[in-house]
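Q: Dropping a structure here in structure tokens format, bear with me for questions.
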Amino acid sequence: MILLLGSSGYVGKKFAELLDCRNVPWMTLNRRLSSVSAREALSYLRDQNVSFLINCAGYTGKPNVDACELDKGNCLDGNAVLPALIRDACRELSIDWGHVSSGCIYALERPGGGGWREDDAPNFSFRQPPCSFYSGTKALGEEVLGWAERDAGGEWPKWEHESDPEGYVWRLRIPFNELDGPRNYLSKLQRYDNLLQARNSLSQLDDFVNACWECVEKKLPYGIYNVTNPGSVKTSDVVELILKYAVNNKNYKFFDSEEEFMAKAAKTPRSNCVLDTTKLQDAGISMRPVEEALEWSLKNWKRES
Ligand SMILES: NC(=O)c1ccc[n+]([C@@H]2O[C@H](COP(=O)([O-])OP(=O)(O)OC[C@H]3O[C@@H](n4cnc5c(N)ncnc54)[C@H](OP(=O)(O)O)[C@@H]3O)[C@@H](O)[C@H]2O)c1
């Protein structure tokens, strides 16, 4: 039995769909149950024969991360306190876990070029400011699961686990797929008045959940995995594809600079970053290149009714 937390959310629903498709039995805990005393929750779970926990619960801020700046308590609770509680409960029950984290704990590219690797210390976090409150709490979430910054002697600091990790940290980044909706990056680009030009790694949502589940099925070593489609794209590349597939032929406008974006449209800086996906590929899990995943999603676009 899989215990799926956050099954009512954007990412959690995709995991639920995948488990249903594969006839994998799963259960969830609603908030009422998860907030009863820890002891009661543990004794309830002990009777459920849970073999693995997938944590998709977290606080994202709606419609975007700016909202987290106005609700810091709940953001900290969902992204940093909750993972710590889950880790403790899983330890007590001997259940292994997979936690959905985010690539937003990095900004730009790795010093020297290329994407950030799993063992690079976050550079968009409370420990390496500036960062958004959301990103800070997501980096703390990895920290409470056992990862910590270590001095690498002159190089970029390492992000290493204190002992052997007891689960997966799956880093998702700017999810999209073919289903129009307020959480889909491709829909957001069509709805904003002005766009920020930036280079990013992205995760096609179905590819993301498939890759995470493959980690479990293939019993990959526990640890952090960047689960993004290989490659990176600029905002204008994505807009060109939206136009190429005639999904929305509006006149897309861009901010002149990040400074203009921050002054006119944002309350907190965005992470915009490129992640390295070699670790997942070397482990035998392949995801489509990001351009291919974007083209497929736009070719199969289903407008929200
Ligand atoms: N969507 C993205 O762009 C994105 C990108 C990268 C990473 N992520 C990460 O992916 C995870 C899921 O995101 P999402 O987009 O699916 O978010 P979502 O649609 O807002 O869903 C969040 C889920 O978490 C539950 N939840 C929130 N706070 C909780 C708490 N304190 N205790 C228990 N349950 C709580 C919610 O339950 P209720 O229904 O009861 O509120 C809901 O089921 C998050 O950790 C997020 O940081 C998301």
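The numbers here are math on the coordinates, done by the rules we state, and not lab data. Remember, predicted model here, so these are calculated numbers, not experimental data. Cβ sites come from the backbone with ideal geometry, for glycine too, and all protein chains shown count toward neighbours.
Q: Pop a pseudo-label 7 angstrom from the Cα along the beta-carbon direction at both A152 and L220 and give the gap in nm to one decimal.
A: A separation of 2.0 nm, rounded to one decimal place.
Q: Then there is this: Placing +1 at every Lys and Arg Cβ and -1 at every Asp and Glu Cβ, with all other atoms neutral, what dipole size does the range 209-305 have around its Cα centre, in debye to the nearest 20?
A: 360 debye
Q: Taking the Cβ-Cβ separation of K13 and N74 as r and a Förster radius of 25 Å, what is the calculated FRET efficiency to the nearest 0.05?
A: It comes to 0.75.
Q: Counting other beta carbons within 10 Å of each residue's own, what order do H161, H99 fall into, fewest first?
A: The most exposed by this proxy come first: H161, H99.
Q: Also, quick follow-up: Picking from L202, L140, Q281, whose Cα lies most toward the positive end of the charge dipole for the chain (charges on Cβ: Lys, Arg +1; Asp, Glu -1)?
A: Towards the positive end, the residue furthest out is L202.
Q: If you average the C-alpha positions of the range 76-126 and of the range 225-297 separately, how far apart do those two centres end up, in angstrom?
A: 21 Å
Q: Under a straight-distance cross-link criterion of Cα-Cα below 17 Å, which lysines are reachable from K72, leaving out those fewer than 8 residues away in the same chain?
A: K62, K138, K267
Q: Which order results if C75, C215 are arranged by neighbouring Cβ count within 10 Å, fewest first?
A: Listing C75, C215 from fewest to most nearby Cβ atoms yields C215, C75.
Q: If you put +1 on each Lys and Arg Cβ and -1 on each Asp and Glu Cβ, how big is the dipole of the chain around its Cα centre, in Debye rounded to 20?
A: That gives the chain a dipole magnitude of about 840 debye.
Q: Summing -39500 (n - 2.57) over the DSSP H runs of n ≥ 4 in the chain and dividing by its residue number, what mean residue ellipticity at 222 nm do you reach, to the nearest 500 deg cm²/dmol?
A: -9500 deg cm²/dmol
Q: Oh, and also: Provide the gained length on full extension for the span S163 to E304, in nm with one decimal, where the gain is 0.36 nm per separating residue minus the Cα-Cα distance.
A: Working: separation 141, 0.36 × 141 = 50.76 nm, distance 4.62 nm.
That works out to 46.1 nm of additional length.
Q: Further question: Suppose we keep just the DSSP beta bridges with both residues in the chain; what percent of those would be antiparallel, to 5?
A: Numbers: 7 of 34 bridges.
Within the chain, antiparallel bridges account for around 20 percent of the total.
Q: Still on this model: To check you understand DSSP bridge types, tell me what percent of the beta bridges within the range 110-240 (both residues inside) are antiparallel, rounded to 5.
A: In the range 110-240, DSSP labels about 55 percent of beta bridges as antiparallel.
Q: Which order do T28, T137 fall in if you start with the one that has the fewest other Cβ atoms within 10 Å?
A: Fewest-to-most ranking of T28, T137: T28, T137.
Q: Which of the GluC sites (Glu not before Pro) across the range 225-305 are loop residues per DSSP, with 15 or fewer other Cβ within 10 Å? Mind showing how you got there, number by number?
A: On the way: sites: E240, E258, E259, E260, E291, E292, E295, E304; in loops: E304.
For GluC sites (Glu not before Pro) across the range 225-305 that sit outside H, G, I, E and B with at most 15 neighbouring Cβ atoms in 10 Å, the list reads E304.
Q: Run the lone-cysteine check on the chain: no other Cys C-beta under 4.7 Å from the residue's C-beta.
A: So far as the 4.7 Å Cβ criterion goes, C21, C56, C90, C104, C131, C212, C215, C273 stand without a partner in the chain.
Q: For Q190 and D96, what does the FRET efficiency come to when R0 = 51 Å and r is the distance between their Cβ atoms, rounded to the nearest 0.05?
A: About 0.80, to the nearest 0.05.
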